[in-house]
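What follows is one structure encoded as structure tokens, with my remarks underneath.
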Amino acid sequence: MDYKNQVAQAVAAVVPELDEATILSKVEVPKDSSMGDFAFPTFLLAKERHMAPNQIAAEVAEAIDASNFKQVEAAGPYVNFFLNQENFGADVLHAILENQEYGHNTDGEAGHVTIDMSSPNIAKPMSMGHLRSTVIGNSLAEISKANGYQPIKINHLGDWGTQFGKLMVAYKMWGSEAEVKADPINTLVKYYVRFHEEAKENPALDDEGRAWFKKLEDGDEEARQLWSWFREESLKEFMELYETLDIEFDSFNGEAFYNDKMDGVIDTLKEEGLLVESQGAQVVNLDKYNLNVAMIQRTDGATLYMTRDLAAAIFRKKNYNFVKSLYVVGGEQREHFLQMKAVLKEMGSEWSDDVEHIPFGLITVDGKKLSTRSGRIILLKDVLKDSVELALEQIEEKNPTLANKELVAHEVGTGAVVFHDLMNERIGNFDFKLEEVVRFEGDTGPYVQYANARAQSILRKAGNPELDLSDVVITDENVWETEKLLGDFNDVVRRAWRDREPSVIAKYALNLARTFNKYYANSKILADDGQLNARLALVTAVSQVLTESLRLLGVKAPKEM
Ligand code: ARG
């Protein structure tokens with residue numbers, strides 16, 4: 001089904017000056033399809049032939065064997081190729097219906113890709129930022145798999161750091177076990193907020209907090225027990241959210257896991273002569289990278305976020321032997337990851353170039369930023385609950401007799417939030433207005449899901465017949481745009497991985513849904529003529545590709561809604 005190759009072959013037959021591979025690399029896809037589906041520029045022949053490119057184009061177009069194409073014509077310095085639409089369409093439908101994995105490739109050669117994603121902080125609610133990391137990371141994992149890699153999804157839980165010392169002090173002063181058990185995260189946040197308020201008046205509290213964290217790092221029994229209890233209770237709540245989104249992880253090794261692996265890092269840094277003292281702390285100088293010093297060890301000997309990340313990076317290389325190591329973390333940590341890569345490089349790790357920070361922008365909800373410390377929190381689980389409710393309202397209105405309404409509302413409501421998150425380039429900031437996200441019209445997940453459900457309903461109406469793949473030519477010109485888009489899917493999956501951009505898939509899915517809806521509005525699909533089988537093949541192919549696109553985004557595709 002490689003039409004670009006066909007074009008290159010046809011050109012090569014009449015342009016002996018160039019080899020086929022060179023020609024293939026020069027074949028373009030015109031922006032405007034009225035200029036053809038492919039074009040070959042003739043500039044590079046001008047010297048050789050001592051002729052103006054326009055003339056060469058005319059000569060080549062004249063000489064070429066055009067029998068495989070609808071039309072071949074010269075336009076200025078280009079030779080434009082118009083594909084035979086009916087053949088192209090039939091080829092695409094074949095390729096899709098014969099291969100459930102249409103769109104996948106093996107480029108990755110089964111290489112491992114670690115994906116650091118979600119990574120919320122224990123004893124704090126999961127923020128919109130963590131949601132972004134979760135859904136972007138999950139989608140990149142699926143996209144990497146479709147490109148032949150093996151993803152390893154790692155939840156680098158924020159389960160270590162001075163805040164746990166503070167929390168312990170707060171809990172010991174004002175806490176109650178029953179209260180924590182009843183509503184873990186909210187209660188722990190309450191203690192934490194109170195701690196900060198009181199510490200403003202009484203700075204000695206901060207010292208006490210630091211002392212308790214030190215105890216924790218030194219393995220003190222009581223500190224350990226409190227810590228693992230806070231962790232467990234918080235994790236329970238996070239797991240509910242992951243279940244709602246149907247997202248799984250391969251590892252929950254958080255920051256604490258690297259506790260016994262940091263001495264190794266510090267030793268290596270010392271051996272390499274990279275560690276220097278600065279105001280009592282141990283740092284690595286990164287002047288030559290134009291970066292601030294990386295703090296490795298504090299005055300009191302306590303380690304830092306950076307130290308744990310260095311240990312984690314090295315552990316991941318050893319343990320998973322990755323070809324790429326991705327960190328899906330907000331753009332505000334850009335400097336941190338630049339420093340981390342620089343320190344790894346200084347340590348002589350050649351693989352530091354395979355470490356990639358995948359940053360993303362901020363979400364505001366109805367124009368408001370979310371923050372823990374102020375106590376002004378919009379809880380993620382509430383956002384998802386509201387969106388499922390909104391989805392249910394719309395289903396009640398549109399399709400009141402639908403079976404499994406609750407399940408479908410769940411898939412549409414959560415899918416809407418996820419799709420909205422992935423629809424725009426990840427680096428951008430955006431505001432989130434629930435009513436807009438869950439609409440069945442416009443640029444939304446439910447719109448794509450609805451197009452797929454419509455395709456499924458057409459197939460049901462036709463009685464879900466067995467398709468005859470030997471007869472899938474459609475002569476109706478309205479179908480052309482849809483078939484062409486279906487043919488793009490391989491490229492789209494590659495581009496999404498190359499740019500680490502789920503939005504490439506989301507935009508494609510919207511486009512395909514829109515184009516298919518237009519076709520559906522203008523042509524009678526179920527007309528009982530000689531091409532009914534071919535049109536049902538097209539509808540099946542559209543549904544398959546829409547479903548796969550949504551799957552790559554982590555969004556379900558209900559067959560009815
Ligand atoms: N827990 C951190 C936070 O919420 C994110 C961790 C990201 N991953 C990493 N390896 N540093 O900000």
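By its C-alpha gyration tensor, with a ≥ b ≥ c as the square roots of the eigenvalues, how is the chain shaped: rounded for a/c under 1.5, else prolate for a/b larger than b/c, else oblate?
oblate
What are the GluC sites (Glu not before Pro) within the stretch 252-287 that DSSP puts in a loop, where the Cβ has at most 16 other Cβ atoms within 10 Å?
Passing sites in the stretch 252-287 are E272.
With θ taken as phi - 60° and the coefficients 6.51, -1.76 and 1.60, list the Karplus ³J(HN,Hα) couplings across the stretch 91-106 in order, rounded to whole Hz; mark glycine and proline as x.
Result, rounded to whole Hz: 4, 4, 4, 4, 4, 6, 6, 8, 9, 4, 9, 3, x, 7, 9, 10.
With each label point set 7 Å from Cα along the Cα-Cβ vector, what nm distance links K145 and K261?
According to this spin-label approximation, the distance is 2.4 nm.
Check which residues have an amide H placed less than 5 Å from A75's amide H, if you skip close sequence neighbours.
Amide H neighbours of A75, under 5 Å, 5+ apart: N80.
Rounded, prolate or oblate: pick one for the stretch 150-268, where a ≥ b ≥ c are the square roots of the eigenvalues of its C-alpha gyration tensor, a/c under 1.5 means rounded, and failing that, prolate if a/b is larger than b/c, else oblate.
oblate
Please give the FRET efficiency for N517 paired with A182, using the beta carbon to beta carbon distance and R0 = 51 Å, rounded to the nearest 0.05.
E between N517 and A182, to the nearest 0.05, is 0.55.
Could you work out how much longer the chain between R49 and E466 gets when fully extended? Use 0.36 nm per residue separation minus the Cα distance between them, nm to one decimal.
Net length gain for the segment: 144.6 nm.
Calculate one ³J(HN,Hα) per residue across the stretch 186-202 by plugging θ = phi - 60° into the Karplus curve 6.51 cos²θ - 1.76 cosθ + 1.60, and present them in order as whole Hz with x for glycine and proline.
Values per residue, Gly and Pro as x: 4, 5, 5, 5, 4, 4, 5, 5, 4, 4, 5, 5, 6, 5, 4, 7, 10 Hz.
For the pairs K341/K381; K145/K181; K190/K433; K341/K484; K47/K70, note any where the Cα-Cα span goes beyond 32 Å.
In this structure, K341/K381; K145/K181; K341/K484 exceed 32 Å between Cα atoms.
Given a Förster distance of 35 Å, report the FRET efficiency between K559 and E237 from their Cβ-Cβ distance, rounded to the nearest 0.05.
Step by step, r from the Cβ atoms, then E = 0.65.
Counting each DSSP H run of 4 or more residues in the chain as -39500 (n - 2.57), what helix-only mean residue ellipticity at 222 nm follows after dividing by all residues, to the nearest 500 deg cm²/dmol?
After summing the helix terms and dividing by the residues of the chain, the value is -17500 deg cm²/dmol.
Report, for the chain, the % of DSSP beta bridges that are antiparallel, rounded to 5.
Expressed as a percentage, antiparallel bridges in the chain total about 55.
Relative to the Cα centre, what is the charge dipole magnitude of the chain, using +1 at the beta carbon of each Lys and Arg, -1 at the beta carbon of each Asp and Glu, and rounding to the nearest 20 debye?
About 920 debye.
Calculate, in nm to one decimal, what K70 and K381 gain on full extension: separation in residues at 0.36 nm each, minus their alpha carbon distance.
Here the segment from K70 to K381 would lengthen by 106.5 nm.
For helix 532-553, what angle does its Cα long axis make with the longest principal axis of the chain, in degrees from 0 to 90 and rounded to 10?
20 degrees
Show me the ranking of peptides 175-183, 203-211 by mean Cβ neighbours inside 10 Å, starting with the highest.
Order by mean packing, descending: 203-211, 175-183.
Given the Cα-Cα distance of E277 and E98 and 0.36 nm per residue of separation, how much length would full extension add, in nm?
58.0 nm
No lab work stands behind these numbers, since they all come straight from the coordinates. On a predicted model such as this, the values are computed, not experimentally measured, just so you know. For neighbour counting, all protein chains shown are included, and Cβ atoms are generated from backbone atoms with ideal geometry for every residue, glycine included.
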